[in-house]
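K.L.:
What follows is a structure written as structure tokens; I'll ask about it next.
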Amino acid sequence: MAYSDKVLDHYNNPRNVGSLDKSDQNVGTGIVGAPECGDVMKLQIKVNDATGIIDEAKFKTFGCGSAIASSSLATEWLKGKTVDEAMAIKNTDIVNELSLPPVKIHCSVLAEDAIKAAINDYKAKGATRKPAAGVEA
Amino acid sequence: MKLPIYLDNHATTPLDPRVLEAMMPYFQDQFGNAASRNHAFGWVAEEAVETGRKQIASLIGANAKEIIFTSGATESTNLAIKGVADMYAERGNHIITAATEHKATLDTCKHLEKRGCRVTFLPVMQDGLVDLAMLREAITEKTILVSIMYANNEIGVIQPVAEIGKICKERGVLFHCDAVQAVGKVPVNVITDNIDLMSISGHKIYGPKGVGALYVRRRNPRVQLTAQIDGGGHERGMRSGTLNVPGIAGLGKACELARKEMAAESVRLAALRDRLKDKLMSALDETYINGSLEHRLPNNLNISFAYVEGESLLMGINDVAVSSGSACTSATLEPSYVLKALGAGDDLAHSSIRFGIGRFNTEEEIDYTADKVISVVKKLRELSPLYEMVKEGIDLTKVQWTGH
């Protein structure tokens, strides 16, 4: 199977690999997929309470090259976006950017799921989060 | 050392130059039809075919008359199983095979199920071997055929073929053996192994693609088959169609080379395989060999690198040609059914790589491959959330996954 140059680039030079402290109140963590399905994505965001903007995004992915590329791309796109803007990222945007073939569309779906799971985790922490600078995300 | 390196010798093997040399005349001046009985062109072609038949027979302990030429092992297996099912339909309709067989066998059996046959797909034990007690129990009054492969194409596990043959003989059931991966790699003998029908492929033993053979026992018992291709009645009426003379000359030569060189070659290949295995397993934790190491082809290594997905690993070692049992590398998007049958869990199937070492691989290539795999696995584990979780002490089997 031939991979697009962008998939190869993300695979060879994955962006924002790593982990954030998942107990941090400003960090949202999304883990989607399952080992027996052959892909698991962990995607994390750190939101600045004052601005409501995603300052940091990190990922780790067990999966094929396209899954790695999809999550790497997602972290690039997340940084600098508000939570609402991030929520609007669609798997089709990832498909188009990476020129994913039909058999790899599920990788982009998983990335979208991971984004949403991370945001939902961040929002769920809102109840216990200390109000900062009067801005509620 | 030339890149890329070919380590996928279970899929196909390169043609041995000596085989090509043996084939060349029959593409050129000696182009005759082996069925032409009235002129020298035909006689020369027929002589080449009969030489090929003898060369194959002598590799497997058969008589030349027991060799039927086909287009490849898939056809051989189709002919063996369907041919027996049709010929012996009055005696019974039950066939026994195993879950880890090649698709040529499994799909043929499934086809026969639709035509009214009953098929038992035996599970295998964790090491990939068929349980002989289960086989004995599965045989009924209606059983006409047992089809079990000699060595598996994914995990290289060698079945207790001689014992299986003995059980079949005792019970008066025919035994077909898909020996595609074993012939020319390990000693195969249809007499001592009690095999009645056996599939052989040219391109797995440094011969050409598009040619194969079926061994059909002629005495004790005399096996009969219903032909699956109608036509001119070639090959004792079992397989019509003009013979592929250059292909047969090549298959014959490949068998002759295997007969002469197998003993030394298998020692060399096993040493290379063990070198690769030892390098990988000493450098990387959580690597698992799939299937029995003891009952195994000398040139096979099937290994799972836990927490790393197979296709992403192949992508990282793109100058080494190997294959993976990962779903992402299969047409069906299912992980390897062979590895699943071992019961090790789908996650290890997704993480598996099959190395198939061949006649033309060198120690230098093995070392290059080992280093490359080690560095890519390490890199991908840095990327793997599963590896991170395990290192944190999390039991992955207790995690609530959101499967999709």
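Read-outs throughout are calculated quantities, based only on the coordinates presented, and are distinct from any laboratory measurement. Worth saying up front: this structure is predicted, and the values here are computed from it rather than measured. Every residue, glycine among them, receives a Cβ derived from its backbone with ideal geometry; neighbour counts consider all protein chains shown.
K.L.:
With N set to the number of residues, divide the alpha-carbon radius of gyration of the protein assembly as shown by 2.2 N^0.38 Å and report two decimals.
P.N.:
My calculation over the Cα atoms of the protein assembly as shown gives 1.15.
K.L.:
A follow-up question, please. Rounded to whole Å and sorted largest first, what semi-axes of the equivalent ellipsoid does the C-alpha gyration tensor of segment A:5-122 yield via the square root of 5 times each eigenvalue?
P.N.:
Sorted largest first and rounded, they come to 22, 14, 12 Å.
K.L.:
Calculate, in whole percent, how much of the Cα-Cα pair population of segment B:115-244 lies beyond 25 Å.
P.N.:
Cα-Cα pairs in segment B:115-244 separated by more than 25 Å: 31 percent.
K.L.:
Another question, if that's okay. Within the set A:90/B:103; B:82/B:166; A:22/A:90; A:125/B:378, which residue pairs have Cα atoms separated by over 28 Å?
P.N.:
A:90/B:103; A:125/B:378
K.L.:
Next up: Tell me which cysteines of the protein assembly as shown come out unpaired when the rule is another cysteine's Cβ under 4.7 Å.
P.N.:
A:37, A:107, B:109, B:117, B:168, B:177, B:255
K.L.:
As an exercise, identify the trypsin sites (Lys or Arg not before Pro) in segment B:7-59 lying in DSSP coil whose Cβ has no more than 10 other Cβ atoms within 10 Å.
P.N.:
Loop-located and lightly packed - B:37.
K.L.:
Work out which helices of chain B, taken as complete DSSP H runs, extend at least 27 Å along their axis over the Cα atoms and score a mean Kyte-Doolittle of 0.0 or more, then list them.
P.N.:
Result, helices passing both filters: B:40-60, B:245-283.
K.L.:
Relative contact order of segment B:55-128, please, whole-number percent, based on alpha carbon pairs below 8 angstrom and at least 6 residues apart.
P.N.:
28
K.L.:
Ok, one more. Please report the antiparallel percentage of DSSP beta bridges with both residues in chain B, rounded to the nearest 5.
P.N.:
Once the DSSP bridges in chain B are tallied, antiparallel ones form about 55 percent.
K.L.:
With +1 on the Cβ of every Lys and Arg and -1 on the Cβ of every Asp and Glu, and nothing else charged, how large is the dipole of the protein assembly as shown about its Cα centre, in debye rounded to the nearest 20?
P.N.:
About 1280 debye.
K.L.:
Please average, across the residues of A:101-107, the number of beta carbons from any other chain that are within 10 Å of each residue's own beta carbon, and give a whole number.
P.N.:
So the per-residue partner count for this stretch is 1.
K.L.:
For chain B, set up a GNM with springs between Cα atoms under 10 Å and report which of B:283, B:73, B:306 has the largest fluctuation.
P.N.:
B:283
K.L.:
Going highest first, how would you order B:126-135, B:351-360 by mean Cβ packing within 10 Å?
P.N.:
Descending packing order for the listed peptides: B:351-360, B:126-135.
K.L.:
Would you mind checking the pairs B:340/B:398; A:46/B:379; B:260/B:372 and listing those with alpha carbons more than 30 angstrom apart?
P.N.:
In this structure, B:260/B:372 exceed 30 Å between Cα atoms.
K.L.:
What residues have an amide H closer than 5 Å to that of residue B:8, excluding those fewer than 5 places away on the same chain, when H is modeled at 1.01 Å from N in the peptide plane?
P.N.:
B:356
K.L.:
Inside 10 Å of the C-beta atoms of B:309-319, what's the mean count of C-beta atoms belonging to other chains?
P.N.:
The per-residue average across the peptide is 5.
K.L.:
Okay, moving on. Just want the ordering: A:99, A:4, B:324, B:312, from fewest to most Cβ atoms lying within 10 Å of their own Cβ.
P.N.:
Listing A:99, A:4, B:324, B:312 from fewest to most nearby Cβ atoms yields A:99, A:4, B:324, B:312.
K.L.:
Give me the percent of Cα-Cα pairs in chain B that sit more than 36 Å apart, rounded to a whole number.
P.N.:
Percent of Cα pairs beyond 36 Å in chain B: 29.
K.L.:
Further question: Given the rule -39500 (n - 2.57) for each run of at least 4 DSSP H residues, summed and divided by the residues of the protein assembly as shown, what is its mean residue ellipticity at 222 nm, to the nearest 500 deg cm²/dmol?
P.N.:
-12500 deg cm²/dmol
K.L.:
Also, quick follow-up: Give the aspartates and glutamates reachable from residue B:204 as a straight Cα distance under 16 Å; neighbours fewer than 8 places away on the same chain don't count.
P.N.:
Partners within reach: B:8, B:16, B:75, B:154, B:178, B:256, B:261, B:265.
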